[in-house]
1. Suppose the filter is modelled with pLDDT of 90 or more, crowded, with 22+ Cβ neighbours inside 10 Å, touching a helix residue (DSSP H, G or I) at 6+ places or on another chain (Cβ under 9 Å) and not aromatic (F, W, Y); does I88 pass it?
2. For residues that are among the aliphatic types (A, V, I, L, M) and touching an Asp or Glu at 6+ places or on another chain (Cβ under 9 Å), scanning just region 169-223, find the one that is modelled with the lowest pLDDT.
3. So is V150 modelled with pLDDT of 90 or more, in a helix (DSSP H, G or I) and more than 15 Å from the chain's Cα centre (by Cα) or not?
4. What is the residue count in region 336-375 for residues that are surrounded by 23 or more Cβ atoms within 10 Å (Cβ to Cβ) and assigned to a loop (DSSP other than H, G, I, E, B)?
5. Can you tell me which residue within region 375-386, out of those that are of a type outside the set (K, R) and under 17 Å from the mean Cα position of the chain (by Cα), is nearest to I69 (Cα to Cα)?
6. State whether one or more residues within region 363-374 are within 16 Å of the chain's Cα centre (by Cα) and of a type in the set (V, I, T).
7. Please work out which one of (1) at pLDDT below 90; (2) in contact with a Phe, Trp or Tyr (Cβ under 7 Å, 6 or more places away or on another chain) is the condition V347 fails and give its number.
8. Search region 93-114 for residues that are at positive phi and pair each with any residue that is hydrophobic (A, V, I, L, M, F, W, C) and assigned to a helix (DSSP H, G or I) when their beta-carbon atoms are under 7 Å apart and the residues are at least 6 apart or on different chains.
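The values are calculated or read from the model by the stated rules, or taken from the named source; none is laboratory data. If you're wondering where the values come from, they're calculated on a predicted model, not measured in any experiment. Counting neighbours? That spans all protein chains shown, and the Cβs are built from the backbone with ideal geometry, glycine included.
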Amino acid sequence: MSCENIYMKVEKPLRWRKICTVSMLFFLLIPIFFSAELISVLMLVFLFFIISISSFRIPAGLGLFLWPIFLIILTGLIGSFGNSPYDIFKDVWYIGKSLLALIVGYLMMFHIKDLRVFLKLIVIVGTITAFFHIGQFLSNPSIINESIFVIRSELGNGYFICILSIVVIIISWRARINLFPNAKWFSMLAVFACFLSLSLSFSRTLWISFLIILFFIFDFYKLSNIKTIVRVCFLVALVFLTVLFFINILEGSFYSNIFLDKVMTSFDEIWISDYSNHREITMRWRGYESYNVLMTYLEGSSWELFRGLGFGTLVDVGLYMHLGGEAQRYLPVFHNGYLYVLLKTGVVGLLLYLFYLYTFIRFGLIYANSLDYNQRDVGKLLTSIGVIFIMTSIVTMGFFNKSVMSSVIVVLGALIAYVRLNIHGHKV
């Protein structure tokens, strides 16, 4: 073999590694700038490009994480006869976009291969995102006196990538790995910025998700000895004191009044009931919305209860509410991801979705007990993300969330690719 041919064989993987590294940085960062619709288009273009240069071959390891969603889509299409084609397309996109993000994350990591490079990207993107979020506050400091609803509508609901950035740094510290050897201060800066961004998000979902990941990273789920129980108590106390600290700083403001009230009434807010007056409906919208979804579903025939009312089905909530910047009465999507899947695809789709979420947890737990610390930490991340999807499916659509979970699903796909690549070599 000539030297030129050897050079070309070595140069091609390096070139694709650089392309996918830049692409990973791009797709993790753009959710703070672009809409979910535009991101889906960009991911489709990238997917077609990367598959075309791979002779249209999909890595075999992806199959386990594709077929349940494909069956959910097929079930929804079977029952969609007679519904609006536009509404049907929206449902296909709503479910398909998350699968698309998973595939893109998987394929990019398939070419990147280096876990340390990937973790550095998460920290870099998380830090940039955090400073972007903090900068929004600094550019409009008077907004701190507004209600929590105004702040979150103007500045966003927080960013999951910031949580992942903190967690990655914690993992690197525990493994005594310096992700940025030429800038050791950067990790501390990233933790400070990301934690401040998390605090300014006023998001119950992000805080709970953060605790879930820490619960697995520190092995708190293995309550087998006194030492672990003490650690759990310490974590709970630390979070409690942190919340009290911010309440004390913002005493008398919306944070100590409205945010705490939202925390205390979290379960009440999602309680499914037919609320009677406008104020109750507004304060407990998710519960009222879920009630109408459930009533619409139960009006179906026995066959429709089994396979759903199909994609394109709308739910009449009985009044017009300002959602997504416009007044709506007939809703195509809802906060409760389980009821969304149940309405559109019935018991069949719901069981498939539960199995799908269980797959992430089971897959992660297999490697969470590995002797290799890289596989062990990746397995814990996979497991915790699966648990987070189970939790967030009740309040923010979980795996099918079109904005908050976009970067998480890309990371999820990359973590799956790393494990399979590391175990099976190139046959992923």
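1. Details: modelled with pLDDT of 90 or more: yes; crowded, with 22+ Cβ neighbours inside 10 Å: no; touching a helix residue (DSSP H, G or I) at 6+ places or on another chain (Cβ under 9 Å): yes; not aromatic (F, W, Y): yes.
No; evaluated as a whole, the condition is false for this residue.
2. Our first condition is that a residue be among the aliphatic types (A, V, I, L, M); within region 169-223, this holds for 169-171, 175, 177, 179, 183, 188-191, 193, 196, 198, 200, 206, 208, 211-214, 217, 223.
Still in the running and touching an Asp or Glu at 6+ places or on another chain (Cβ under 9 Å): 171, 175, 217.
On the way: I171: 89, A175: 79, I217: 86.
Filtering first and then ranking leaves A175.
3. Numbers: modelled with pLDDT of 90 or more: no; in a helix (DSSP H, G or I): yes; more than 15 Å from the chain's Cα centre (by Cα): yes.
When the stated conditions are applied, V150 does not pass them.
4. 1
5. Step one: of region 375-386, the residues of a type outside the set (K, R) are 375, 377-379, 381-386.
From what's left, under 17 Å from the mean Cα position of the chain (by Cα): 378-379, 381-386.
Numbers: V378: 23, G379: 22, L381: 22, L382: 18, T383: 19, S384: 20, I385: 17, G386: 15 Å.
The residue in question is G386.
6. No, region 363-374 contains no residue that is within 16 Å of the chain's Cα centre (by Cα) and of a type in the set (V, I, T).
7. Among (1) at pLDDT below 90; (2) in contact with a Phe, Trp or Tyr (Cβ under 7 Å, 6 or more places away or on another chain), V347 violates only (1).
8. Qualifying pairs under 7 Å: K113/L421.
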